[in-house]
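Following: one structure in structure tokens, then a few remarks.
The values are calculated or read from the model by the stated rules, or taken from the named source; none is laboratory data. Small disclaimer: the values here were computed from a predicted structure and weren't measured. Don't worry about glycine lacking a Cβ; one is built from the backbone with ideal geometry, like all the others, and counts go over all protein chains shown.
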Ligand SMILES: [Zn+2]
């Protein structure tokens, strides 16, 4: 366990766990993996696609309970953990953008279970953690990390922090105008190991590495902690996901990058701590 208490940071977390009301049927791991292969940690949150995904998982409409069940009430340890990590990413990005004479607007993070309304449609567990640029918000259902563990990643705290930092990386791309430029480019929707979509994802991994590097002098990480983040970056490589779901490994369909490339991208940010190095992706 990393020592998050050393940070003393806080970000804006909206805890909706237990409030959203869709009961989604449990798909098989393969089914879930295929969904993830389409969109895990993705930025390709085109609202129409999300509505379509939500429509295939449930035909019922989203209902909200007004009261949160007691297990999530108050600021529990998980909420505090995500707030601390988000706050530390805010700290890094404010300072990094400041040196580029740009201001940084902090993103929000919504914790949910099963499904919740997002600015990009309906966020569901099956879609996996993602960033919605329309409302500058990260959507996270932590039960996702049990799936990550089954894919050979980790559900440990550092792996979870890496995923949050990756999503914040997409927010930084949004703030820097990179996302808009890429999404307006012809061919953005086509996959492939050298595609724009893969470059956007690898850059978000590199950005997560920059955040991890910024904590080096804060005594947060112990031995093996960074390896946990790297193992998780590998677990969500397109080749690994294709293997685990029983599909043929086909680089032409990749949208997020291979295991090796994702781990290398994280390491590039982590080892150099230089935004300019990560900017080489896009
Ligand atoms: Zn991503």
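Name the single residue that is farthest from the chain's Cα centre (by Cα) among those in segment 129-144 being farther than 22 Å from residue 68 by Cα and not in a loop (DSSP other than H, G, I, E, B).
132
Applying the selection to segment 99-116, what residues are touching a strand residue (DSSP E or B) at 6+ places or on another chain (Cβ under 9 Å) and either without any contact (Cβ under 8 Å) to a residue 60 or more places away in the chain or buried (at least 22 other Cβ atoms within 10 Å of the Cβ) (or both)?
Scanning segment 99-116 gives 107, 109, 110, 111, 112, 115, 116.
Restricting attention to segment 90-114, report how many residues are within 16 Å of residue 177 (Cα to Cα) and touching a helix residue (DSSP H, G or I) at 6+ places or on another chain (Cβ under 6 Å).
5
Just one of the numbered conditions (1) free of Cβ contacts under 8 Å to residues at least 60 places away in the same chain; (2) buried (at least 20 other Cβ atoms within 10 Å of the Cβ) is not true of residue 143; which one?
(2)
Cβ-Cβ under 8 Å, sequence separation 6+ or interchain: first residue in segment 196-213 and more than 15 Å from residue 254 (Cβ to Cβ) and without any contact (Cβ under 8 Å) to a residue 60 or more places away in the chain, partner more than 10 Å from the ligand (Cβ to nearest atom) and in a helix (DSSP H, G or I). Which pairs?
Close Cβ pairs (under 8 Å, with a partner that is more than 10 Å from the ligand (Cβ to nearest atom) and in a helix (DSSP H, G or I)) amount to 212/162; 212/165; 212/226; 212/229; 212/266; 212/269; 212/270.
Sort out which residues of segment 224-246 are surrounded by 20 or more Cβ atoms within 10 Å (Cβ to Cβ), without any contact (Cβ under 8 Å) to a residue 60 or more places away in the chain and farther than 18 Å from residue 192 by Cα, and write them in order of number.
Across segment 224-246, the qualifying residue is only 230.
What is the residue count in segment 183-216 for residues that are more than 14 Å from the ligand (Cβ to nearest atom), surrounded by fewer than 23 Cβ atoms within 10 Å (Cβ to Cβ) and part of a helix (DSSP H, G or I)?
Result for segment 183-216: 3.
Only one residue in 150, 126 is over 17 Å from the mean Cα position of the chain (by Cα) and modelled with pLDDT under 90. Which one?
Answer to the selection: 150.
Any idea which of 263, 233, 229 is modelled with pLDDT of 95 or more and part of a helix (DSSP H, G or I)?
One residue alone meets the criteria, 263.
Of these, 168, 182, which one is more than 28 Å from residue 114 (Cβ to Cβ) and in contact with a helix residue (DSSP H, G or I) (Cβ under 7 Å, 6 or more places away or on another chain)?
Matching residue, one of 168, 182: 182.
Tell me, please, whether a residue that is surrounded by 21 or more Cβ atoms within 10 Å (Cβ to Cβ), more than 16 Å from the ligand (Cβ to nearest atom) and outside any strand (DSSP E or B) can be found in segment 158-181.
Taking every residue of segment 158-181 in turn, at least one turns out to be surrounded by 21 or more Cβ atoms within 10 Å (Cβ to Cβ), more than 16 Å from the ligand (Cβ to nearest atom) and outside any strand (DSSP E or B).
Go over the candidates 106, 101 one by one and state the one that is at negative phi, more than 16 Å from the ligand (Cβ to nearest atom) and in a loop (DSSP other than H, G, I, E, B).
106
Among (1) at pLDDT 90 or above; (2) away from the ligand (no atom under 16 Å from the Cβ), which single condition is residue 133 missing?
In the conditions (1) at pLDDT 90 or above; (2) away from the ligand (no atom under 16 Å from the Cβ), residue 133 misses (2) alone.
I'd like the residue in segment 245-259 that is in contact with a helix residue (DSSP H, G or I) (Cβ under 6 Å, 6 or more places away or on another chain) and over 19 Å from residue 200 (Cα atoms) and, out of all such residues, is nearest to the ligand (Cβ to nearest atom).
Checked segment 245-259; the qualifying residue nearest to the ligand (Cβ to nearest atom) is 245.
Every residue in segment 248-259 that is without any contact (Cβ under 8 Å) to a residue 60 or more places away in the chain and either buried (at least 22 other Cβ atoms within 10 Å of the Cβ) or more than 18 Å from the chain's Cα centre (by Cα) (or both), please.
If the condition is that a residue be without any contact (Cβ under 8 Å) to a residue 60 or more places away in the chain and either buried (at least 22 other Cβ atoms within 10 Å of the Cβ) or more than 18 Å from the chain's Cα centre (by Cα) (or both), then 248, 249, 250, 251 are the ones that fit.
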